[in-house]
1. Roughly speaking, what is the stretch gain from LEU423 to HIS136, that is 0.36 nm per residue apart minus the C-alpha to C-alpha distance, in nm to one decimal?
2. Note down the net charge around GLU283, summing +1 for each Lys or Arg and -1 for each Asp or Glu among other residues with Cβ under 11 Å from its Cβ.
3. Once you have the Cα-Cα distance between ASP34 and GLN70, take 0.36 nm times their residue separation minus that, and quote the gain in nm to one decimal.
4. Could you work out Rg/(2.2 N^0.38 Å) for region 4-79, with Rg from alpha carbons only?
5. Checking the cross-link filter: which aspartates and glutamates have an alpha carbon closer than 15 Å to that of LYS344, excluding same-chain neighbours under 8 positions apart?
6. When the label point is put 7 Å from the Cα of MET235 along its Cα-to-beta-carbon vector, which residues of region 291-322 have a backbone N closer than 18 Å?
7. Going down the list LYS67/LYS166; LYS166/LYS223; LYS8/LYS222; LYS287/LYS325; LYS222/LYS325; LYS154/LYS223, which pairs span over 21 Å between their C-alpha atoms?
8. What size of dipole, in debye to the nearest 20, comes out for region 279-365 about its Cα centre when the only charges are +1 on Lys and Arg C-beta atoms and -1 on Asp and Glu C-beta atoms?
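Readers should treat all values here as calculations from the given coordinates under stated rules, not as data from a laboratory. Quick caveat: nothing in here was measured; it's all calculated off a predicted structure. Ideal geometry is used to build each Cβ from the backbone, glycine not excepted, and the neighbour counts take in all protein chains shown.
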Amino acid sequence: MSQAIEIKVPDIGDYSDVPVIEICVKVGDTIKLDDALVTLESDKATMDVPSTVAGVVKEIRVALGDKISQGSIVAVVEAAGADTAAEPAKPAAAAPAPAPTPSGPAPTPAAPATAAQTATSAPAPTPGLALGAATHASPSVRLFARELGVDLSKVPATGPKGRIVKEDVAAFIKGVMSGRTALVGASPGGASLGGGLDLLPWPKVDFAKFGPIEVLPLSRIKKISGQNLARNWVMIPAVTYHEDADITELEAFRVKLNKESEKPGDKSGAKITMLAFLIKACELALKKFPEFNSSLDGENLVMKKYFNIAFAADTPNGLVVPVVKNVDQKSVTQIVVECGELAKKARDGKLGPAEMSGACFTISSVGGIGGTYFSPIVNAPEVAILGVNKSVTKPVWNGREFVPRLILPLSLSADHRVIDGALATRFNVYLAQLLADMRRALI
């Protein structure tokens, strides 16, 4: 007797209507447990929907471009060991080709008559409206456009019934950056009407005429993060403040703890890392300076009473940012274990959206590579981010003589709309004091 199992979208956090960007199997394929059936892409990450059983794919219930949520059925699988002689179910009818997403190919100009005309696959875009005309877009799309400074009346619509969708705004911005579209406040002749960006066209170069080249596509993670970083760099008036932390005693304490926890022949135990101490110290600094644990919401400042700290993790496909939740309720040892688990998931490409959302503050550490100082980009809607470089031994004057001390360079970027220079410097100094002597955490 055949046993058909419906495979549904698992818990994907607070996300809904996530588009399907890839279908990994076809009807008749034999799959194993946890094999990817489809790939979804939110505005922060991509995720695979795995099969919960091994068997044969009998039906696919989604098409490319479909937007699905937790509980949506993506496929029907005949469980392994069941009777497979039954006729395969027919796949669901393919949906019309969706409009290109922000991670898709850049739009091309449709006609030289007016700016903001971009060519897409079906359905054809509705031309941009006259200045002041009514526009049809959801509140989230309007917010997205406001953050980027885009006049929706100039954006061609590809949504149903002339509705502007988020992808249309992203395509419009791509056109601006490539010089094919005029931005808000810029006339076709390039003269500014005030408040716009008078951007020169993006240079078009035939690199092959200078020598051999290879063209490689950007990974999906880099495409998504690139758009977020560009927005944050333009929209947030950030200033970076530098400080040196003396971690001589803390590093000696860390090494001592790891030696004490070692068992003969056992190298599998989690080692205390400097990142775990940094996360704990940042939590204490957020408590002392609560403005750093806030977010701007229009003309209001949202003060958070929870402490979730993110850390940038380097993966083969690009940087991702897992979040350690409720740091104030965890010990340094617990933080070490959780960071290790999240970092492994990041390298394996298995981080879920819930594990990359809800951060209050981010730590970007490149200490394992090197460097001295850098200016990290604030990750909206957070108001600050800490950059950490490689610790180095330096001679430090103690009042009588120069002594060798292990110095950790800190680079704090903060949104100047919320955090002024004095407050940022106090935060940096307090953080350095905690790292120099973690006994301060007891006070």
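1. 99.1 nm
2. Combined, the nearby Lys, Arg, Asp and Glu give +3.
3. Here the answer is 11.3 nm.
4. That ratio works out to 1.00.
5. Within the straight-line cut-off, LYS344 pairs with ASP314, GLU355.
6. Label zone hits: 294-303.
7. Numbers: LYS67/LYS166 13 Å; LYS166/LYS223 15 Å; LYS8/LYS222 28 Å; LYS287/LYS325 15 Å; LYS222/LYS325 25 Å; LYS154/LYS223 24 Å.
In this structure, LYS8/LYS222; LYS222/LYS325; LYS154/LYS223 lie more than 21 Å apart at Cα.
8. Once rounded to the nearest 20, the dipole reads 260 debye.
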